[in-house]
Amino acid sequence: MVRIFDAAKAEAKRVAQMGGIRMVEDSLEVATGEGAGTIGLELLQWPELLETVFIPLGNGGLLTGVGRWLKAHSPATQVVGVAAAGAPAMVESWQTGRIVEHRTVRTIADGIAVRVPIPEEVADMRGTVDDAILVSDEAMLKGMRLLHQHLGLVVEPSAAVGVAALLEHPVRFKGQLVATVLCGGNLTPQQAREWLF
């Protein structure tokens, strides 16, 4: 059974409503964006200008939170959101200026597998995000393996999208000082065996 990001969110909303619990929805709650912004603060402690920063694009809260800080304090830094090619709804929505929903997603990157974009986040991307690109599952897997082999890091597919972007667009970013946000290491033991070795 394929786990879908939006289905998990819908179930969380249902449980919260049934229990009379406040649902804090990532990307709609201002505090989540502020928290993500602290990553931008840390990135800009690098002594040289970061020319491009790749940020995973799911619902958009991480991207816009980090991106707002970067644009406020280093406007020359290009903020690039990276999503899975099998879950293009957020990229298509940002590119077209209208909400684009998909019936299904086809990606191993369940942490960014958005079918139904949050309109407020698509709007927040305007003026904060310089570009949004899609990467293949194959490039994510290769990025995960490189991070594991060379840095000893275990990351999930959603976290490897920045490395995947470099692998799929080497000419475009050649010679640039780039950074990527690595977030999430949610792999089952079986996925770790299959994807990292």
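A short reminder: the numbers here are calculations on the coordinates, not readings from a lab. These figures come from a predicted structure and were not determined experimentally. Cβ atoms come from the backbone with ideal geometry, glycine included; neighbour counts cover every protein chain shown.
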Anchor LYS142: aspartates and glutamates whose Cα lies under 16 Å away (excluding residues fewer than 8 positions away in-chain): GLU156, GLU168, GLU194
Rg and Dmax of segment 36-196, Cα atoms only, in Å: 14.9, 44
Size of electric dipole in segment 36-196: Cβ of Lys, Arg +1 and of Asp, Glu -1, about Cα centre, debye, nearest 20: 160 debye
The chain: most fluctuating residue of ILE133, ILE55, ILE21 per GNM, C-alpha cutoff 10 Å: ILE21
Qualifying aspartates and glutamates (Cα of each under 17 Å from Cα of LYS9; at least 8 residues distant if same chain): GLU25, ASP26, GLU29, GLU101, ASP110, GLU120, GLU121
GNM flexibility winner over the chain from THR77, THR96, THR128 (Cα, springs under 10 Å): THR96
Bins of 5 Å from zero: percent of alpha-carbon pairs in segment 54-116: 4, 20, 25, 24, 15, 8, 4, 1
In sequence order, calculated HN-Hα J values of segment 106-122 (Karplus, 6.51, -1.76, 1.60; Hz; x Gly/Pro): 9, 7, 7, 8, 5, x, 10, 7, 8, 9, 10, x, 8, x, 4, 6, 4
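Neighbouring Cβ atoms within 10 Å as the yardstick, rank VAL129, VAL171 fewest first.
VAL171, VAL129
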GLU92, GLU29, GLU11 arranged by Cβ crowding within 10 Å, fewest neighbours leading: GLU11, GLU29, GLU92
Residues whose placed amide H lies under 5 Å from that of GLN78, excluding near-sequence neighbours: THR52, VAL53
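What's the longest uninterrupted piece of the chain once you rule out the trypsin sites (Lys or Arg not before Pro) that are loop residues per DSSP with at most 11 other Cβ within 10 Å? The partial results should precede the final answer.
Numbers: sites that count: ARG3, ARG22, ARG98, ARG103, ARG126, LYS174.
Within the chain, the longest run free of exposed trypsin sites (Lys or Arg not before Pro) spans 23-97.
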Once the Cα gyration tensor of segment 125-197 is diagonalised, semi-axes √(5λ) in Å: 23, 14, 11
Charge tally in the Cβ shell below 11 Å around GLY184, where Lys, Arg are +1 and Asp, Glu are -1, GLY184 excluded: -2
